[in-house]
Ligand code: FES
Ligand SMILES: [Fe+2]
């Protein structure tokens, strides 16, 4: 029996293929993560199309700190802490909207769209030498846009977001920018909570092909479109996992061979033409063979592209926001190409949320089991027994050298290599070598 005490422990044992359960339930580890991971990495804030006009804003979290992401009068993006400099109240109480100024509901301090303080309403009582310009809402020190995604970072010295994503961009870009107009968020994100650690979601999306046929047996059996096209067991052999040393990863499941020709026309033909203008031939080939791709950009932004109707593929962005050691808040956005027809977009939106919204058929399956695993793990007896990632071990040191694309690629897709590599990166940041 392996016992992993919390303090000074080795939480991730890549060689043994084991990860301590503490990592998924402990509040002390959660607080350390906020500092060592969420204060040190890029975090997704919003998609540019959520705030297209001057004055538009959304309220989001960067780590667990709430921030307002706004477009100012000049059309420039701004992000600042949503906590008044007077007594800390949330200056903006709505999830999203359009505002000329932000007036704190407590005593009326008023800030503009850049977070600068305009008035305290009691300026006449301020000492003459007080510097109003130093009392603005604290800015997120780094703000960058990558293919429509707005990222922020609390670490002013972090590498540019394009370097942070690195070679993984080759796999990611076909889902963020595959047409001249780029992607568009179709509606405000769904938001809900789950009683499990944020990493459970991140791991599920980085590469948990093993849960599909058990967890999701219901919808897979009931939906004839999926049943005809899935062929998961066969496809796993032709499919693969991608691992990037920065902790990003994805699992590509290709359509099984031998299906009727029309099964491989998974995107509308007119969009197919547009993709060719933007993507490299290798990326185009990947897109056309895909049944589903799921992936995670370290630490907590995931994406999925999957068939949601006979000729509709939805791109879904997911964020697993930490709340405590045993709780997270999930946000889910549905995207489509800006060039797509209104009818296509409305189908993608409706069917996308039917599958992956807060009450989506797949979501219901997953979240119930994630909460069950957390409940059953969060006690001093269960915590003595690490989680098993053993199916990664025979493959871990054997990447597919013949593969043409960047990053490390592993076959087949239904092992735990990508999950263990995600945990390896997590461990490096949490327990840096002295
Ligand atoms: S807390 Fe905002 S004005 Fe007082
Ligand atoms: Fe799932």
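Only the coordinates and a few stated rules stand behind these numbers; no lab work does. Quick caveat, the model's predicted, so the values are computed rather than measured. FYI the Cβ positions are ideal-geometry reconstructions off the backbone, even for glycines, and counts take in every protein chain you see.
Scoring 307-314, 260-267 by mean Cβ neighbours within 10 Å over their residues and listing the highest first yields 307-314, 260-267.
Among 131, 157, 112, the largest mean-square fluctuation in a Gaussian network model of the chain (Cα springs under 10 Å) belongs to 131.
Both radii are taken from the alpha-carbon atoms of the chain; with Rh as the Kirkwood radius, Rg/Rh is 0.99. Placing pseudo-labels 7 Å out from each Cα toward the beta carbon at residue 285 and residue 391 gives an inter-label distance of 2.8 nm. When the Kirkwood hydrodynamic radius is evaluated over all pairs of different C-alpha atoms of the range 43-157, what value in angstrom, to one decimal, is obtained? That comes to 14.4 Å for the range 43-157. Under 15 Å from a label point set 7 Å out along the Cα-to-Cβ vector of residue 217, the amide N atoms of the range 342-366 belong to 365-366.
Extension gain for residue 403-residue 261 works out to 48.6 nm (0.36 nm per residue, less the C-alpha to C-alpha distance). Let a ≥ b ≥ c be the square roots of the eigenvalues of the Cα gyration tensor of the range 232-302; is it rounded (a/c under 1.5), or, if not, prolate (a/b larger than b/c) or oblate? Judged from the Cα gyration tensor, the range 232-302 comes out oblate (a/c at least 1.5, b/c at or above a/b).
Compute the projected area of the convex hull of the Cα atoms of the range 1-92, averaged over all viewing directions, and report it in nm² to one decimal place.
9.0 nm²
For the range 330-434, what does the alpha-carbon gyration tensor say about shape, rounded, prolate or oblate, given a ≥ b ≥ c as the root eigenvalues, a/c under 1.5 as rounded, and a/b over b/c as prolate? Since a/c reaches 1.5 but b/c is at least a/b, the shape of the range 330-434 is classed as oblate. Cα centroids of the range 252-289 and the range 373-392: 40 Å apart.
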